[in-house]
Amino acid sequence: KTWTLCLLLLLGVGLGSLEALPPPCDRFTAMGTFCTKFRWPSSSRTTRSLWTCHCPWLQTKSCSASGNWPRRTTTASPGSSCRNSSQSTSRQQGRSCSPGSLGTGKTAPSSCRRSRMPSCEPGQRSCTSSGRSWERRDSYWVMEGLLLSEMPETVKGMLQNFLDLVKSYGHIPNGGRVYYLQRSQPPLLTLMMDRYVTHTNDITFLLENIETLALELNFWTEKRSINVSSGGKSYILNRYYVPYGGPRPESYSKDAELADTLQEGDREALWAELKAGAESGWDFSSRWFSGGPNSNSLSSTRTSKIVPVDLNAFLCQAEELMSNFYSRLSGNDSQAAQYRNLRAQRLTALTAILWDEEKGACFDYDFENGKKNPEFYPSNLTPLWASCFSDPAIADKALKYLEDNQILTYKYGIPTSLQKSSQQWDFPNAWAPLQDLVIRGLAKLPSPQAQEVAFQLAQNWIRTNFDVYSKTSTMYEKYDISNGGQPGGGGEYQVQEGFGWTNGVVLMILDRYGDRLTSGAWPALRKPHCLVVTLLLSLLTI
């Protein structure tokens, strides 16, 4: 089966051959790629949210909870680990239950790789050495906070763990589980290295790992590129794309039930698109929806058909940094020139395909339908943050774009979108990294007006974070800005506390504007420095 999977990949299996899509991970190849509805023995009751898989340990564990049936529904999905027979399990209670047929393949470890170095996770238990969970996209803003907290060795440990993953797998998986191996996340590793080297001047570490950085960028060139034509010319840009079938293992029953609303021939395509949405980090958002009759439904997700602004801006930035790295290390002019040329080609492609001169911003491009998505998303201004633009009048156009969409009227933060889809990457949620993309993007511009707007946006965000913290003593991954600052919601899980990238962005804002920021009308005893202490403690928590 492994040989077959490799052959399919070599043949470039795409979404056009939906029946041939490989399973989401090798463990599913071993267990079987589907689950069935389950009925407890001696019971006439069934449930759509109760599933049992071709995994004896998982079936036994599922049955061990039968003492609670039918009072409470137990969910058993392939996202749970199918471990070897030495795994201890709870004693069965209540009704008896026999596991199904044995799987024939190998079991796989629960984590695709353990960290050897100190690391930080995005949530409340910030710094660990387990390596069982990570988010590269989150980790960039966590690292910014750690560097401001004078913790460069922790940042170096995180970088080393990511670099080891690239050496092992050719990219950084979506997370520390085997079923994430086919997915990456937004390419920010090169930027992480730049921030660490700028802070420490550790040129030796850069020299030791420059080729690994290049290897990761090659993954995006080889696995996530797309040719887009316009005006008789062809341009190479990048997209999120995970051509693997089956529901996401971590959300198996949800994906399976969602696919029940579609024709059988459309289900594999939806599951692949959901994985691509997870790879983007925007899981999920109206950005990826089709705009058809079910335009606000998760079943209309089509992430791989979109050329995203932020992804291509991240790569444009990485190509410039790689050029600078090679020039700085050894005067390697040929490699430096190669990345300069790649950046120039991408900048031309961004201008030709994504840039809208009239609206003064870049927009995601639907290459299947040949049109831009005109909706507002903060990601549309990512080229400012990444310094990947060529229009000298970009400052005035960016401000006009924000004004035309009335973004500056939101006093609690920049909304993720203006669409109410019930997904967490849409209105009314606001996310810390998206604030940073706009704030620092404007702050980089030479326009005094743009810089002042950047400060006002930073002030709004600090007040929202501080207001919620003063009420709850907690930082959150996202905030609801529709009716006063409060924790965000929507999506597939409860709002997370902690939170690494929220802390990092707040520390960055305080570092840049600390002498100007105010706490607004809140009680005089509540000073911003209390929030700083809390953020530092949360980053140090093990």
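If you roll a 1.4 angstrom probe over the protein chains with everything in place, what fraction of the accessible area of region 406-520 belongs to carbon and sulfur, to the nearest %?
Answer for region 406-520 is 43 percent, counting heavy atoms of protein chains only.
log₁₀ I(q)/I(0) of region 406-520 at q = 0.14, 0.15, 0.19 Å⁻¹, via Debye over equal Cα point scatterers, no solvent, to two decimals? Debye intensities relative to I(0), on a log10 scale: -0.52, -0.60, -0.96. Each of the peptides 480-486, 381-387 was scored by the mean count of other Cβ atoms within 10 Å over its residues; in descending order, highest first, they stand as 381-387, 480-486.
Where does each of 215-222, 276-283 land if you order them by average Cβ count within 10 Å, highest first?
Working: 215-222: 16.1, 276-283: 25.0.
Top to bottom by mean Cβ count within 10 Å: 276-283, 215-222.
A 1.4 Å probe run over region 406-520, with the rest of the protein chains in place, finds 37 Å² accessible per residue. The stretch between residue 456 and residue 513, if pulled fully straight at 0.36 nm per residue, gains 19.5 nm over its current Cα-Cα span. Averaging the sequence gap over all C-alpha pairs within less than 8 Å and six or more residues apart, then dividing by the number of residues, gives region 406-520 a relative contact order of 27 percent.
Let me know the shape class of region 354-463, please: from the alpha-carbon gyration tensor, a ≥ b ≥ c as square roots of the eigenvalues, rounded when a/c is under 1.5, otherwise prolate if a/b is greater than b/c, or oblate. Oblate. When only alpha carbons are used to place a centre, region 464-484 and region 313-332 end up 38 Å from one another. Surface calculation, 1.4 Å probe, protein heavy atoms: residue 144 sits at approximately 10 Å² accessible. If a/c stays under 1.5 just call it rounded; otherwise compare a/b with b/c (prolate if a/b is bigger, oblate if not). Do that for region 299-346, with a ≥ b ≥ c from the square roots of the Cα gyration tensor eigenvalues. Verdict is prolate for region 299-346.
Here the spin labels are modelled as points 7 Å beyond Cα on the Cα-Cβ line, and at residue 198 and residue 371 they lie 3.9 nm apart.
The values are calculated or read from the model by the stated rules, or taken from the named source; none is laboratory data. Computed from a predicted model, the values in this text were never measured in an experiment. Reconstructed Cβ throughout: ideal geometry from the backbone, glycine too, with neighbour counts over all protein chains shown. Protein only, heavy atoms only, side chains kept; ligands, DNA and RNA dropped before computing areas. Shrake-Rupley method; radii C 1.70, N 1.55, O 1.52, S 1.80 Å.
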